[in-house]
Amino acid sequence: MHEITEHLVKNFEGQLPHLPGSDLNWVEAMRRSGLELFNDVGLPNTKMEEWKYTRLRTLEDTRFQPVNEGNGAAKVDQLPTLFTGQKEIPRIVFVNGCLRTDLSDLDNLPDGVLVHSLSGSLAYDPVWVRSYLGRIGQMDSRPLFALNTAMMNSGAIVRVRKGVIVKSPIEMIFVAGLTNVPVAYYPRNLIVLEENSQATLINIHDGLGVGPYFANSVTEVDVGNNANLRHYRVQTENLEATHIGSMHVRVANEANYETFSMSAGGRLSRTEAFVRLEGEGAHCRVNGAYFMKGREHCDNTTVIEHVVPHTKCREVFKGVLDDEACGVFQGKIIVHKDAQKADGHQLSRALLLSDKAEMDAKPELEIYADDVKCSHGATSGQIDESALFYLRSRGIPDALARNMLIRSFMAEAFEEITDEKVRDAMANLFMHRLPAQCFLSEEWTRDKLSNE
Amino acid sequence: MGAITNTVAQVREMTEEKYKYGFVTHIETETAPKGLNEDIIRFISAKKSEPGWLLDWRLKAYRYWLNMSEPRWQKPQFPEIDYQDAYYYSAPKSMSDKPKSLDEVDPELLKTYEKLGIPLHEQEVLAGVAVDAVFDSVSVATTFKAKLEEVGVIFCPISEAVQRCPDLVKKYLGSVVPYTDNKHATLNSAVFTDGSFVYVPKGIRCPMELSTYFRINAENTGQFERTLIIADEDSYVSYLEGCTAPMRDENQLHAAVVELITLDNAEIKYSTVQNWYPGDKNGRGGIYNFVTKRGACRGRNSKISWTQVETGSAITWKYPSCILQGDNSVGEFFSIAITNNAQQADTGTKMIHLGQNTKSKIISKGISAGRADQTYRGLVRMGPKAAGARNYTQCDSLLIGDTCGAHTVPYIESKNKKALVEHEATTSKISEDQLFYLRQRGIDEESAVALVVNGFCREVLQQLPMEFAVEAQKLVGISLEGSVG
Amino acid sequence: MLEIKNLHVAVDGKEILKGIDLIINAGETHAIMGPNGSGKSTLSYTLAGREGYDVTKGRILYKHQDLGEMSPEERAGNGVFLAFQYPVEIPGVPNTTFLKEALNAVRRYRGEEELDAMSFIKLVRQKTKELGISEDMLKRAVNVGFSGGEKKRNEILQMAILNPVLAVLDETDSGLDIDALKIVSDGVNALRSPERATLVITHYQRLLDHIVPDYVHVLANGRIQRSGGKELANELEEKGYSEFAEAAE
């Protein structure tokens, strides 16, 4: 076994009694099968086609320790929420992998919506959890998913019952950092929307301080018949953080799944979305934006599978890369045999601001049915010089003109977010990454992107 | 309507022909013993009276090869190849005394080429095309040699070039595809038998199209030809390559290497119509076409353009590439790949932009029918010094029937903000509306499909030299035969 | 106000302007006419400071300052305005936002207070009305989906709002029907004053019926071949450019 692999699992036996669901045999069996798979395959490396462009250097260099209760008590001055100052938003908050009831607020949950921590849920309704947990995603050849399965120690379990329409967004917040030694933590989320239900969920991963830590998160999502889930993800990890997050989603008949991943920080981050359109009329929108600086590395990898006829997907990923940052986009659309009338469209565009920035893209189509409409587009380039000159010739200073063009470049991605409040909040967050932000006049920081 | 009726007639004519190149020539051959070892390599080298440095190079490659593993990243997978169960040298006996002119060449061989539609007697040949005919491991004849020599163009079998201009061969052989490149290319470096050599001197525009016709005839024989084309400063050459093989039940290996080099302001246009035996309907037999083709635009403003029409072979593994080293150099790749029945293809290109203001264009049209599976795999890389570089890629796939597969796997890597990369790809089925429209006008379904596909491929077909365009268009029709209904 | 001395400009290493001399005083309107490829657009881009237009010899003085030393936005701040022949489309940036950013940037250069949202809207409304521009155009992204005429009107709207000292109009008449031409000309004429100057670059004499110049210069093969009063424009309309093109060879 490789030394790094060994290090990451060495505390497994010692940890086991303290991990959620330790009293349940099936949970332990699940953990052991994850451990075995991780031991067999080891840490992903660039020789694996799926990891060609992302080397997990940070994991090779650092020895991460398991989190303890002291880590969980770290002081959080400001809660990283998309809705600052709004008290009525239900949220569940974890700090360094520990549930923080003092920061969470689940009092306003509407009837028919259940939100628990992983351990809470395993205590409250283990039979129900068992019918979903680990049954949506495929662990094979995904060693970090397997590692999460072995070590999962936090995370939220959300259940929206049949026909329930949840108006308010629900936030699942993960804060990490401020530990004396580098730590690793493993959130495992499960989101189940039963038939005809609707909800908006937001996963936030935020980092405190400057020290390194490793967040390995897995979210399993089940969108039932005719249900509608908006699932947004914000990642603002600290400068030395390593974040590997994956989403495993299945979408049933006439159901909709919309996701948007905003990556705005982290030394090395990778967000994976594996979506299976399993019911006729299923529809997904998998979108994202990233803005990387310094020596940050950001990878967005998606695999969307059209399993049955009459399914539709749309993907838009846009990113800005400055300094020596590196962006990766790998997007695969698979149309299975007999999944006729599949409609898939994917777009990846990157803007390079610096001579040392790098972009690697691999948009893939894998198609086994003939009556399909699938396409992808990928571009990489710099700011449009003629547009820049035009703006400057009207007196707009160079730095501001550049920011305007970056903003306009990103607009196409943000427009994909159908929830207006989230769209504005995400765009605002993005604006704070722009260089020389002080140049922007108010309406740029405050207002909408669209031409209202 | 003239063009349409014409095409339809052609297609009809084709449908009766099946793989018309599947015959075997019965001829006495001289064959090296089965299997691969250093002695076989020494045998091949001795047969060609090669200088010591070349034998050393071959042996170096062979020893390196022994420790290499097969590339496994491509989509088509196949059983381990038993390299000891093949012949690495086979030549018609009549060729062993090296005929001086066409009149001395075995008439049986000449007949073979005639049957393939490639007459070798100069007076019968299409004016303007010089042909090098390679039969298994040796070059049978090269036409118009004298005429080309008048302007200083060297066009001859590579085994002859080793004798005639060893310095050029020594300088450039393996300089684009090193002997360590990949298992198939390394094997080729060890055992290559023949192939074409072209040198176009400074300032010369080659007065005619050059062409090589490869034929695998012998049983259980691999073909390992090696082509080297050098276009010196301010020169131009257009080169065509065609290939066929008899119908045999076992798979045969074709592992060729092609190296192109262009110096300042030079241009090479390389066109291939590949029609190796694809195996039968059930996927039995057929050629494994594992080819490494690469060009280096070494000079400023130089250009390499690859055009390929791939219709044959059981498995195609081929990525004609351009390394754009010289500033302002240009690389192009135009491809039509058609797979039918049980054929598999994993093909595409690599455009490596190193110099400033280098440009590349990729147009790929893939058509998959029957139970075939096809992958476009392409790499576009913008190096840190490739300021002002541009790439445009358009990849379209067409599926005919619901049992085939079509895949697109582009790799796009940019390390320069001043480089612009644009990639687009689509996959769709053949348009019912178009088919219905044509059929309503009285065109039968199969011809209608051929017409629509020809339209789909038009952009690439236009790139082919005239002499090849018609043949390629016919091929499109034949290859899809039996794919509808 | 503007003094161009022996100006040589090269683009991609190729010399396009080969020694231009031109003096424009405040209050004057000059027209530069010339055949295609004579260097008209090169001159306008050079005045606005586009990258890649290298002044290899000579210089441009604007209000006694070396224009060549200034960035495009500094030139704009100092009152140089170029109405583009092909206005650039900028998706995602609303026209109003663009106008406001530009106006406030220019006002900052001039040491003036930035306009608040209310006064800005008022100003824009007034100008759009005067120029017969629909408010819908303001809401859309800059030039995206605009017709040729709309784009040109948008240029004139920007000019009216930024209130330049030296306006350079590059082929502003191309693609305009007669009504649009009138609106655009009226917009330009409204700005004429003793403190300002206008340089009209055009292939055809048509625009000069509406914006009557004080001086006309013929540009061919990178040099000014002849200068005269407005009657020169009429002469060119009759005879064409052939004699200059030949003379220049």
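If you check residue C:37 against the conditions, is it surrounded by fewer than 21 Cβ atoms within 10 Å (Cβ to Cβ) and within 29 Å of residue C:142 (Cα to Cα)?
Working: surrounded by fewer than 21 Cβ atoms within 10 Å (Cβ to Cβ): yes; within 29 Å of residue C:142 (Cα to Cα): yes.
In short, yes.
Check residue A:338 against each of (1) facing chain B (nearest Cβ under 10 Å); (2) under 25 Å from residue A:297 (Cα atoms); (3) not hydroxyl-bearing (Ser, Thr, Tyr) and name the one condition it does not meet.
Against the list (1) facing chain B (nearest Cβ under 10 Å); (2) under 25 Å from residue A:297 (Cα atoms); (3) not hydroxyl-bearing (Ser, Thr, Tyr), residue A:338 comes up short only on (2).
Table: residues versus (1) modelled with pLDDT of 90 or more; (2) assigned to a loop (DSSP other than H, G, I, E, B); (3) closer than 21 Å to residue C:220 by Cα; (4) within 14 Å of chain A (Cβ to nearest Cβ).
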site	(1), (2), (3), (4)
C:31	yes, no, yes, no
C:35	no, yes, yes, no
C:68	no, no, no, no
C:106	no, no, no, yes
C:111	no, yes, no, yes
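Report, by residue number, each residue of the stretch A:348-366 that is facing another protein chain (nearest Cβ under 7 Å) and touching a helix residue (DSSP H, G or I) at 6+ places or on another chain (Cβ under 8 Å).
Step one: filter the stretch A:348-366 for residues facing another protein chain (nearest Cβ under 7 Å), giving A:352-355, A:357-366.
Passing the criteria: only A:353.
Which pairs do you get when a residue that is in contact (Cβ under 8 Å) with a residue 12 or more places away in the chain, found in the stretch C:31-50, comes within reach of a residue that is aromatic (Phe, Trp, Tyr) and open to solvent by less than 30 Å² (accessible area, probe 1.4 Å), reach meaning Cβ atoms under 6 angstrom, with the pair 6+ apart or on two chains?
C:50/A:389
Just one of B:421, B:380, B:409 is under 24 Å from residue B:459 (Cα atoms), in contact with a Leu (Cβ under 9 Å, 6 or more places away or on another chain) and among the aliphatic types (A, V, I, L, M); which is it? So that I can check it myself, show each step before the final result.
Working: B:421 fails: in contact with a Leu (Cβ under 9 Å, 6 or more places away or on another chain); B:380 fails: in contact with a Leu (Cβ under 9 Å, 6 or more places away or on another chain).
Criteria check complete, one pass: B:409.
What are the residues in the stretch C:1-27 that are in contact (Cβ under 8 Å) with a residue 60 or more places away in the chain and open to solvent by 30 Å² or more (accessible area, probe 1.4 Å), if any? Please lay out each step first, then the result.
Going residue by residue through the stretch C:1-27, those that are in contact (Cβ under 8 Å) with a residue 60 or more places away in the chain are C:1-2, C:15-22, C:24-27.
Scanning the stretch C:1-27 gives C:1, C:15, C:16, C:18, C:21, C:25, C:26, C:27.
Would you mind stating whether residue A:63 is modelled with pLDDT of 90 or more, of a type in the set (Lys, Arg) and surrounded by fewer than 18 Cβ atoms within 10 Å (Cβ to Cβ)? I'd like the intermediate steps shown before the answer.
Values: modelled with pLDDT of 90 or more: no; of a type in the set (Lys, Arg): yes; surrounded by fewer than 18 Cβ atoms within 10 Å (Cβ to Cβ): yes.
No; evaluated as a whole, the condition is false for this residue.
One line per residue, one yes/no per condition, for (1) within 7 Å of chain C (Cβ to nearest Cβ); (2) at pLDDT below 90; (3) in contact with a helix residue (DSSP H, G or I) (Cβ under 8 Å, 6 or more places away or on another chain); (4) in a helix (DSSP H, G or I):
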residue	(1), (2), (3), (4)
A:377	no, no, no, no
A:386	yes, no, no, yes
A:400	yes, yes, yes, yes
A:406	no, no, no, yes
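Out of curiosity, is residue A:369 small (Gly, Ala, Ser) and within 7 Å of chain C (Cβ to nearest Cβ)? Walk me through how you get there before you give the answer.
Details: small (Gly, Ala, Ser): yes; within 7 Å of chain C (Cβ to nearest Cβ): no.
No: the conditions fail for residue A:369.
Give just the number: which of (1) more than 10 Å from every other protein chain (Cβ to nearest Cβ); (2) open to solvent by 30 Å² or more (accessible area, probe 1.4 Å); (3) in contact with a helix residue (DSSP H, G or I) (Cβ under 7 Å, 6 or more places away or on another chain) does residue C:50 not satisfy?
Of everything listed in (1) more than 10 Å from every other protein chain (Cβ to nearest Cβ); (2) open to solvent by 30 Å² or more (accessible area, probe 1.4 Å); (3) in contact with a helix residue (DSSP H, G or I) (Cβ under 7 Å, 6 or more places away or on another chain), residue C:50 misses just condition (1).
So if I check each of C:169, C:115, C:162, which one is under 30 Å from residue C:194 (Cβ atoms), among the aliphatic types (A, V, I, L, M) and at the interface with chain A (Cβ under 10 Å from one of its Cβ atoms)? Steps first, answer last, please.
Working: C:169 fails: at the interface with chain A (Cβ under 10 Å from one of its Cβ atoms); C:115 fails: at the interface with chain A (Cβ under 10 Å from one of its Cβ atoms).
Among C:169, C:115, C:162, only C:162 is under 30 Å from residue C:194 (Cβ atoms), among the aliphatic types (A, V, I, L, M) and at the interface with chain A (Cβ under 10 Å from one of its Cβ atoms).
Name every residue in the stretch A:202-225 that is touching a Lys or Arg at 6+ places or on another chain (Cβ under 7 Å) and not β-branched (Val, Ile, Thr), in order of residue number.
A:203, A:222
For the stretch A:149-168, state whether one or more residues are assigned by TED's automatic domain parsing to the domain that holds residue A:226, within 21 Å of residue A:16 (Cβ to Cβ), open to solvent by 10 Å² or more (accessible area, probe 1.4 Å) and part of a loop (DSSP other than H, G, I, E, B).
Of the residues in the stretch A:149-168, the ones assigned by TED's automatic domain parsing to the domain that holds residue A:226 are A:149-168.
Filter again for within 21 Å of residue A:16 (Cβ to Cβ), leaving A:149-155, A:157.
Then keep just the ones that are open to solvent by 10 Å² or more (accessible area, probe 1.4 Å); that gives A:151, A:153.
When the remaining residues are screened for being part of a loop (DSSP other than H, G, I, E, B), the result is A:153.
Checking the stretch A:149-168: at least one residue is assigned by TED's automatic domain parsing to the domain that holds residue A:226, within 21 Å of residue A:16 (Cβ to Cβ), open to solvent by 10 Å² or more (accessible area, probe 1.4 Å) and part of a loop (DSSP other than H, G, I, E, B).
Restricting attention to the stretch C:53-67, does a residue exist that is of a type in the set (Lys, Arg), open to solvent by less than 30 Å² (accessible area, probe 1.4 Å) and in contact (Cβ under 8 Å) with a residue 24 or more places away in the chain? Explain how you work it out, then say what you get.
First, pick out the residues of the stretch C:53-67 that are of a type in the set (Lys, Arg): C:57, C:59, C:63.
Then drop every residue that is not open to solvent by less than 30 Å² (accessible area, probe 1.4 Å), which leaves none.
Taking every residue of the stretch C:53-67 in turn, none turns out to be of a type in the set (Lys, Arg), open to solvent by less than 30 Å² (accessible area, probe 1.4 Å) and in contact (Cβ under 8 Å) with a residue 24 or more places away in the chain.
Which strands (runs of 3 or more DSSP E) does the stretch C:127-240 wholly contain that include 1 or more residues that are open to solvent by 60 Å² or more (accessible area, probe 1.4 Å)? Working first, answer last.
Numbers: elements: C:166-170, C:197-202, C:215-220, C:223-228.
Of the strands (runs of 3 or more DSSP E) lying wholly inside the stretch C:127-240, those with at least 1 residues that are open to solvent by 60 Å² or more (accessible area, probe 1.4 Å) span C:215-220, C:223-228.
What number of residues within the stretch A:334-349 are open to solvent by less than 10 Å² (accessible area, probe 1.4 Å) and either β-branched (Val, Ile, Thr) or within 19 Å of the chain's Cα centre (by Cα) (or both)? Show your work before the answer.
Going residue by residue through the stretch A:334-349, those that are open to solvent by less than 10 Å² (accessible area, probe 1.4 Å) are A:335, A:339, A:342, A:344, A:346, A:348.
Then drop every residue that is not either β-branched (Val, Ile, Thr) or within 19 Å of the chain's Cα centre (by Cα) (or both), which leaves A:335, A:346, A:348.
The total comes to 3.
Please determine, by comparing only the residues of the stretch A:411-428 that are open to solvent by 10 Å² or more (accessible area, probe 1.4 Å) and within 10 Å of chain C (Cβ to nearest Cβ), which one is nearest to residue C:141 (Cα to Cα). Walk me through it before giving the result.
Of the residues in the stretch A:411-428, the ones open to solvent by 10 Å² or more (accessible area, probe 1.4 Å) are A:412, A:415-416, A:418-421, A:423-425, A:428.
Applying the additional criterion that residues be within 10 Å of chain C (Cβ to nearest Cβ) yields A:412, A:415.
Working: A:412: 12, A:415: 14 Å.
Checking each candidate, the answer is A:412.
Of all residues in the stretch B:278-305 being within 21 Å of residue B:365 (Cα to Cα) and in contact with a Lys or Arg (Cβ under 7 Å, 6 or more places away or on another chain), which is surrounded by the fewest Cβ atoms within 10 Å (Cβ to Cβ)?
Taking the candidates together, the pick is B:305.
What about residue C:73, is it free of Cβ contacts under 8 Å to residues at least 40 places away in the same chain, open to solvent by less than 40 Å² (accessible area, probe 1.4 Å) and among the acidic types (Asp, Glu)? Walk me through how you get there before you give the answer.
Numbers: free of Cβ contacts under 8 Å to residues at least 40 places away in the same chain: yes; open to solvent by less than 40 Å² (accessible area, probe 1.4 Å): yes; among the acidic types (Asp, Glu): yes.
For residue C:73, the condition - free of Cβ contacts under 8 Å to residues at least 40 places away in the same chain, open to solvent by less than 40 Å² (accessible area, probe 1.4 Å) and among the acidic types (Asp, Glu) - is met.
Filter the stretch A:39-59 for residues that are within 14 Å of chain B (Cβ to nearest Cβ) and either assigned to a loop (DSSP other than H, G, I, E, B) or open to solvent by less than 20 Å² (accessible area, probe 1.4 Å) (or both) and give the result. Don't jump to the end; show me each part of the working.
From the stretch A:39-59, those within 14 Å of chain B (Cβ to nearest Cβ) are A:46-54; that's our starting set.
Result: A:46, A:47, A:48, A:51, A:52, A:53, A:54.
Check residue A:55 against each of (1) more than 30 Å from residue B:379 (Cα to Cα); (2) free of Cβ contacts under 8 Å to residues at least 40 places away in the same chain; (3) within 23 Å of the chain's Cα centre (by Cα) and name the one condition it does not meet.
(1)
Please specify each residue of the stretch A:297-333 satisfying the condition of being open to solvent by 10 Å² or more (accessible area, probe 1.4 Å) and either acidic (Asp, Glu) or on the phi > 0 side of the Ramachandran plot (or both).
Answer for the stretch A:297-333, where residues must be open to solvent by 10 Å² or more (accessible area, probe 1.4 Å) and either acidic (Asp, Glu) or on the phi > 0 side of the Ramachandran plot (or both): A:305, A:310, A:322, A:323, A:324.
Suppose the filter is modelled with pLDDT of 90 or more and either under 13 Å from the mean Cα position of the chain (by Cα) or not in a loop (DSSP other than H, G, I, E, B) (or both); does residue B:259 pass it?
Details: modelled with pLDDT of 90 or more: yes; either under 13 Å from the mean Cα position of the chain (by Cα) or not in a loop (DSSP other than H, G, I, E, B) (or both): yes.
Spelling it out, residue B:259 is indeed modelled with pLDDT of 90 or more and either under 13 Å from the mean Cα position of the chain (by Cα) or not in a loop (DSSP other than H, G, I, E, B) (or both).
Go through the stretch A:163-183 and give me each residue that's charged (D, E, K, R) and in contact with a strand residue (DSSP E or B) (Cβ under 8 Å, 6 or more places away or on another chain). Before you say what the answer is, go through the steps one by one.
In the first step, residues of the stretch A:163-183 are kept if they are charged (D, E, K, R); the result is A:167, A:171.
Hit for the stretch A:163-183 is A:171, nothing else.
Name the strands (runs of 3 or more DSSP E) wholly inside the stretch B:336-423 in which the number of residues that are of a type outside the set (S, T, N, Q), away from chain A (no Cβ under 11 Å) and touching a Cys at 6+ places or on another chain (Cβ under 9 Å) is 1 or more.
Numbers: elements: B:344-353, B:359-369, B:373-382, B:390-400, B:405-414.
Per the criteria, B:344-353, B:359-369.
The values are calculated or read from the model by the stated rules, or taken from the named source; none is laboratory data. In this text, all values refer to a predicted model and were calculated from it rather than measured experimentally. Glycine also receives a Cβ, built like all others from the backbone with ideal geometry; neighbour counts cover every protein chain displayed. Ligands, DNA and RNA are stripped out before the accessible areas are found, and what is left, the full protein with its side chains, is counted by its heavy atoms. Shrake-Rupley method; radii C 1.70, N 1.55, O 1.52, S 1.80 Å.
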